[in-house]
1. If packing is taken as the mean number of other Cβ atoms within 10 Å per residue, what is the order of 307-313, 151-157, 77-83, highest first?
2. Given points 7 Å out from each Cα along the Cα-Cβ axis, report the Thr43 to Val273 separation in nanometres with one decimal.
3. First check a/c for the stretch 97-314, with a ≥ b ≥ c the square roots of the eigenvalues of its C-alpha gyration tensor; if it is under 1.5, answer rounded, and if not, answer prolate when a/b is larger than b/c or oblate otherwise.
4. Would you please put 84-96, 57-69 in order of how densely packed they are, using the mean number of other Cβ atoms within 10 angstrom per residue and starting with the highest?
5. Please compute the modelled spin-label separation between Val50 and Arg241, points set 7 Å along Cα→Cβ, answer in nm with one decimal.
6. For the pair Leu218 and Val58, how long in nm is the line joining their label points, each one 7 Å along Cα→Cβ?
7. Please report, in debye to the nearest 20, how large the charge dipole of the stretch 97-314 is about its Cα centre when each Lys and Arg carries +1 at its beta carbon and each Asp and Glu carries -1 there.
8. Once the Cβ-Cβ distance between Trp231 and Asn67 is put in as r, and R0 is 30 Å, what FRET efficiency do you end up with, to the nearest 0.05?
Amino acid sequence: MDRRAVETRDRHPPPDIPLQFRIPHSALRTPHLVHSAFRIGMTAGLLIFVATYFLIAVQRLPFVHLNRPAAGLVGAVAMVVFGVLPLEDAYAAVDFDVLVFLLGMMLIVGYLEVGRFFEWAAQLVLERARSPGRLLFAVVVGGGLLSAFFVNDTVCLVVTPVLLAALLPLGVRPNVYLIGLAMGSNVGSVLSVTGNPQNMLVGIWSRATFGGFLVHMLPVALGGLAIAYAWLRRAYAAELREPFRRRPEAASPPPPVPLDRPLVAKGLAMFGVAVVGWLVGGSLPLVAIAAGALMVLVAQRDPAYAIERVDWDLLLFFASLFVVMRGFERTGAVAWIDGHALALLRDGSPWRAATTVSAVMVTLSNLISNVPAVIAAVAGGGRELHLRRESAAHRLDGEPDRGRAGGIGRRTNRVPGVRESWCARDAAHPGVGHRGARADPVRQVPGARC
């Protein structure tokens, strides 16, 4: 190659095109083919992403009936079928740390549900509420505390029938108490990493410790529960001033919940062991799945009953969205979002950035639900911002990384916004950029030069 060609190449470097959109070097003599391949892949990825999240938001159309996990699965498969992602990259996009953490917690919670712990706890709290105001307080705070450490969806699903059964003999309308349960469980679940699937996702990706997350979110959870209770007391003041009225035909209280004490004791013990493991710095997913497996071992019950209560739909939903978001990242949209997010942090005040992010998350969570909203927001800049602002040797709470499973160095290939790339200067032969022999990969942030 003569000197003029080298200078031309340096002044006009080849476009930074994801690997799956590249074509053999023999075709580089026609540059429009390169750009055409990139545009086709980018367009397909954007269309699939938009269609997937639209189906997640609406779920039902006149000509198609899909729930959220099914819509995510269709979008993930489409990313591979239409060439946005090669199959091996789709496999690599799935963050198994998150799935393993969820599975471990679901196993423990499943056994507690089999032992009827949540129903027993709800009935115990409700029996001690002697007035409408106290009952509302017990529902909001009790639901919040249960959801703070166990998955809030389970708390709502299990406690609601118990609450209705307790309210029936009292002759009161259940609206305020059901709303209180929903608000309390959602607000209280922010307290710990295990409170809801979104917290688990954020905890894994931010490398936060269990104790650090708990300390930082404690004032948020307590303040939120206080605000929820105060607002309900004001909004339903007339109903809450009325005393309980027992109906003659329903005067007898509901029968006591038959608690499986040995099973519940083992489940709570395993959860306690997991909390201790997390507090001493253990890996979130490793400790969770180890506690779940140990629970299966010591429960002395048919594991099918607990496994049936694992939310497999949610695990499929998470795995599918990981693939969809990796395809979305390959379109270049994530790099664009990263640039604007970094500009917002650099040029704006922290309050402005916090207000903007909060407004975006509130809107997305109401449009497409909170799980896909969190995955989309984090993949669209959150994890990238964290990687740029925090040292790889420190976690979110400032503690040194003690080799947690899935540490940043080992999990970079699953961080949306950080992809595998091969720099031109590392090419050892003309096959670089082709699916044949490849040079050693280097991790590269979009927009960074080799």
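1. Values: 307-313: 14.9, 151-157: 21.7, 77-83: 17.9.
Sorting 307-313, 151-157, 77-83 by mean packing, highest first, produces 151-157, 77-83, 307-313.
2. A separation of 5.7 nm, rounded to one decimal place.
3. On the way: a/c = 2.67, a/b = 1.49, b/c = 1.79.
The shape class here is oblate.
4. Working: 84-96: 18.4, 57-69: 12.6.
The peptides rank, most packed first, as 84-96, 57-69.
5. That separation, rounded to one decimal, is 5.4 nm.
6. With each label point 7 Å from Cα toward Cβ, the separation is 4.7 nm.
7. Working: 16 positive and 13 negative charges, 173 e Å.
For the stretch 97-314, the charge dipole is close to 840 debye.
8. Values: r = 32 Å, r/R0 = 1.05.
It comes out at approximately 0.40.
Each value in this text was obtained by applying a stated rule to the coordinates, not by laboratory testing. Note that the structure is predicted; figures quoted are calculated from it, not measured. Every residue, glycine as well, gets a Cβ built from its backbone with ideal geometry; the counts of neighbours run over all protein chains shown.
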